[in-house]
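Below is one structure, written out as structure tokens; the observations come after it.
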Amino acid sequence: MRVIGLRPTDCILFLWTITSGGGGEGVRPADERRIQITNVSRLRLEPGVRTLLGGWSQEHNVYAFWDARRHTSFGRSPSLQVANETLETAVEIGIATQLRPTAGGQEVVVVVSPSSLLWYLENGAALQNAEGDAPAVVTLADATPEEEREFIDSAATEDQSARRYDLVETMRAYRDAKFRPAVLQAYSYKCAVCDVDLSLVDAAHIVPVSHPESADEVTNGVALCSLHHGAFDSALIGIQSDYRLVVNPARVSRLRDLQLASGLPGFQARLPESIRVPASIEARPSPKNLRLGLELRRWPSTFVA
Ligand SMILES: [Zn+2]
């Protein structure tokens, strides 16, 4: 596995196995799962260090995290619960949250799939601060820009509005954290135009993120180096629905007018006829996305075929 874009983070992780609990049948609710804290009597939270208190469920292959700030010392029956339903939601969509009553108010329990674990370790704090808005995480995992705006605008107070904004940003990063590795892996970490790796390759959205139909799916992505990503986003180069690479004459003449066309012949001569697409058909850009991408970047209609 290749880890992309992970910055070093100071982090202490306490992890136990999630079980269906002791006490025999009928003693605990059937849908309850839990961790039993062992060998730790207190958590000392260090400033600047993210301390995580969690469990792994073999049954679901997901990780659950409780709010470490609310569990710095443990009494005589140290166990923390999570609903089976929350674990199952995370299996289905990759992430889920649940509110859990504690002596000091509600805590947010966050459940993530293994592919989102690194993202959570680095960025998950905003989820634990989301309080009553935490259940919205499931809908925000797949929200359009309009839905995100409505969620922020419908906040009752300024404080809630700021918290909701953080939550929206965090969930955008979550979607991107899934999109980027999937796209880069599909293209073997090389630019689909020039085959360059050099750690200069990024995942470009075909239908721009700002559009309601933009999805963080591999069929809406293409791996491009910095040069070709810039050329693609500024509509100098485009990818047609049959993967042919085209140069935009309107953009070229505009650049010539502005005396910004230096290097154009060499740039153009090095372009292949078509982009290199992933071997797997399901990972290739969808023709519908490619057409919409050209339209939205205002390509002349003759190119949008
Ligand atoms: Zn390139």
Any idea which of Gly238, Val196, Leu227 is furthest toward the positive side of the dipole for the stretch 127-246, if Lys and Arg beta-carbons carry +1 and Asp and Glu beta-carbons -1?
-> Val196
Accessible area in square angstrom per residue, the stretch 64-177, 1.4 angstrom probe = 47
The simple spin-label model distance between Asp242 and Ser73, using points 7 Å out along Cα→Cβ, in nm, is 7.4
For the chain, divide the Cα radius of gyration by the Kirkwood radius and give the resulting Rg/Rh value with two decimals.
-> 1.07
Directionally averaged shadow of the stretch 61-112, computed from the convex hull of its alpha-carbon atoms, nm² | 3.7
Of all accessible heavy-atom area on the stretch 40-124, the percent that carbon and sulfur account for (1.4 Å) | 46
Quick one: length gained pulling Leu198 to Glu92 fully straight, 0.36 nm per residue minus the C-alpha distance?
-> 34.6 nm
For the stretch 201-303, size of Cβ-based charge dipole, Lys and Arg +1, Asp and Glu -1, in debye | 400
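Is it possible to state the helix-based mean residue ellipticity at 222 nm for the chain, with each DSSP H run of 4+ residues giving -39500 (n - 2.57), the sum divided by total residues, to the nearest 500 deg cm²/dmol? What is it? Kindly include the intermediate steps, with their values, before the conclusion.
Details: 10 runs with 96 residues, N = 305.
The helix-only estimate for the chain comes to -9000 deg cm²/dmol at 222 nm.
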Accessible area per residue, Å², the stretch 201-303 with all protein chains present, probe 1.4 Å = 53
Of the convex hull drawn through the C-alpha atoms of the stretch 147-265, the volume per residue in Å³ is 149
Please work out how much length the chain gains when fully extended from Leu271 to Leu13, using 0.36 nm per residue of separation minus the C-alpha to C-alpha distance, in nm with one decimal.
-> 88.1 nm
Taking the Cα-to-Cβ direction at Gln58 and at Asn129 and moving 7 Å from each Cα, how far apart do the two end points lie in nm?
-> 3.7
Once a ≥ b ≥ c are taken as the square roots of the eigenvalues of the Cα gyration tensor of the stretch 201-303, is the result rounded (a/c under 1.5), prolate (a/b larger than b/c) or oblate (a/b not larger than b/c)?
-> prolate
Dipole of the stretch 11-180 (Lys/Arg Cβ +1, Asp/Glu Cβ -1, origin at the Cα centre): which of Ser41, Trp56, Pro78 lies farthest to the positive side?
-> Ser41
GNM top mover of Ser214, Ser262, Ser161 - the chain, alpha-carbon springs below 10 Å | Ser262
Describe numerically, in nm with one decimal, the distance between label points set 7 Å from Cα along Cα→Cβ at Val209 and at Leu258.
-> 2.3
Percent of accessible area on the stretch 136-211 owned by carbon and sulfur, 1.4 Å probe?
-> 48
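The values are calculated or read from the model by the stated rules, or taken from the named source; none is laboratory data. Because the structure is a prediction, the values reported are computed rather than measured. Note that each Cβ is placed from the backbone with ideal geometry, even for glycine, and that neighbours are counted across all protein chains shown. To get the accessible areas, we keep the full protein, side chains included, count just its heavy atoms, and leave off ligands, DNA and RNA. Shrake-Rupley method; radii C 1.70, N 1.55, O 1.52, S 1.80 Å.
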